[in-house]
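Enquirer: There's a structure below that I have some questions on.
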Amino acid sequence: MKIYVLCDLEGTAGVVDFQTQTYADSKYNEQAKTLATLELNALVDGALEGGATEVIVLDGHGSGGIDIAQVHPEAQVLYGRPLPKGGGLDRSYAALFLYGHHAMNNVPTGVLCHSWSSRTIANCWLNGELIGEIGVNVALAGYFGVPTVFISGDRAAVEEGRRYVPDIEGVIVKEGLSRTSALTLAPAKARALIREGARRAMSQIGKIRPYTVPPPYDFRTQYLAAQSADDKARKPDVERVDLHTVKVSGEDFLEVISRR
């Protein structure tokens, strides 16, 4: 029962602001990372109680979203960059857990909602459908035959996860009021709920089927600035769609996502 935990920072209880909490140089970034790490550790406890025998963790926050010094002693961390395509996820895993996630960009009450970059990307589409990090991660797990059984974050993030996996175990740690405000649970309460949710999610392994998207694939990224699209379009395998938008396409999901 080997599980893969993909972590992000924005879906942590008490974390609601880019400028003061989630950017690497922000005043309370270290505190936010500590809060995230404690929630992650609660998830690991719950997963182990539910039958996990090995827990592999990837910190998916761009500038780093966990404190390695505080990580649960029974977890192993995929650390540093570059990583293999797919972040080391493969068919050996029993399930994917999405910890601390956020909704795609432009969700009105999505706390810290964005699609990969809060500073440069406006929208992304896969085969004509708006998609964010949650959808891509769920589909990437499905590419390897791995089901996604758990998600935590704000309500918008959990609801986004349920679009792809209706029976996913979802733990809501805050209710978005705007992009940078929320009614949040106390961190200790959030940790207790995450621990219980992770334990329950383990019982869903074998019941929830992997989510897959059939080929071919057309992934489009709309940038806020035309210069960003210019820079991306210089790559030989990237096609310019319009002033702000580029696309990558192909028959293999992992290859397309790796080039997006």
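None of the figures in this text is laboratory data; all of them are computed from the coordinates on show. Everything numeric here is computed off the predicted structure, so don't read it as measured data. Cβ: placed from backbone, ideal geometry, glycine included. Neighbour counts: every protein chain shown.
Enquirer: Would you kindly identify the helices (runs of 4 or more DSSP H) lying entirely within region 156-260 that contain at least 3 residues that are touching a helix residue (DSSP H, G or I) at 6+ places or on another chain (Cβ under 9 Å) and in contact (Cβ under 8 Å) with a residue 24 or more places away in the chain? Lay out the reasoning, then the answer.
Expert: Details: elements: 187-202, 226-233, 253-259.
Filter on region 156-260 gives 187-202, 253-259.
This table checks each residue for (1) farther than 26 Å from Leu35 by Cβ; (2) surrounded by fewer than 21 Cβ atoms within 10 Å (Cβ to Cβ).
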{"position": "Asp67", "(1), (2)": "no, yes"}
{"position": "Gln70", "(1), (2)": "no, yes"}
{"position": "Tyr79", "(1), (2)": "no, yes"}
{"position": "Gly86", "(1), (2)": "yes, yes"}
{"position": "Gly100", "(1), (2)": "no, no"}
{"position": "Trp116", "(1), (2)": "no, yes"}
{"position": "Gly128", "(1), (2)": "yes, yes"}
{"position": "Gly132", "(1), (2)": "no, no"}
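Enquirer: Hey, another quick one. Of the residues Gly176, Gly161, Gly153, which single one is on the phi > 0 side of the Ramachandran plot and out of contact with any Phe, Trp or Tyr (no Cβ under 7 Å at 6 or more places or on another chain)?
Expert: None of the other options fit; the residue is Gly153.
Enquirer: Any idea how many residues of region 36-88 are among the basic types (Lys, Arg) and in a loop (DSSP other than H, G, I, E, B)?
Expert: 1
Enquirer: Could I ask something else about it? Tell me the residue from Val136, Val107, Val111 that is outside any loop (DSSP other than H, G, I, E, B) and surrounded by 17 or more Cβ atoms within 10 Å (Cβ to Cβ), please.
Expert: Of Val136, Val107, Val111, the one residue that is outside any loop (DSSP other than H, G, I, E, B) and surrounded by 17 or more Cβ atoms within 10 Å (Cβ to Cβ) is Val136.
Enquirer: Can you tell me which of (1) out of contact with any helix residue (DSSP H, G or I) (no Cβ under 7 Å at 6 or more places or on another chain); (2) part of a strand (DSSP E or B) is the one Leu98 doesn't meet?
Expert: (1)
Enquirer: Could you tell me whether Lys27 is assigned to a loop (DSSP other than H, G, I, E, B), free of Cβ contacts under 8 Å to residues at least 40 places away in the same chain and charged (D, E, K, R)?
Expert: Yes: the conditions hold for Lys27.
Enquirer: Here's a check for you: in region 164-214, which residue that is of a type in the set (S, T, N, Q) and buried (at least 18 other Cβ atoms within 10 Å of the Cβ) is nearest to Thr37 (Cα to Cα)?
Expert: Step by step, filter region 164-214, then rank; the result is Thr184.
Enquirer: Let me ask another. Could you tell me which of the residues Lys27, Lys33 is charged (D, E, K, R) and over 15 Å from His61 (Cα atoms)? Give the derivation first.
Expert: Details: Lys33 fails: over 15 Å from His61 (Cα atoms).
Every option except Lys27 fails the conditions.
Enquirer: Additional query: Among the residues of region 206-235, which ones are within 19 Å of the chain's Cα centre (by Cα) and among the aliphatic types (A, V, I, L, M)?
Expert: Ile208, Val213
Enquirer: Moving to a separate point now. For region 6-24: of the residues being in contact (Cβ under 8 Å) with a residue 60 or more places away in the chain and among the polar types (S, T, N, Q), which is surrounded by the most Cβ atoms within 10 Å (Cβ to Cβ)? Spell out how you get there, then give the answer.
Expert: Initial filter on region 6-24 (in contact (Cβ under 8 Å) with a residue 60 or more places away in the chain): 6-18, 22.
Next, only the ones that are among the polar types (S, T, N, Q) stay: 12, 22.
On the way: Thr12: 38, Thr22: 27.
In this case the residue turns out to be Thr12.
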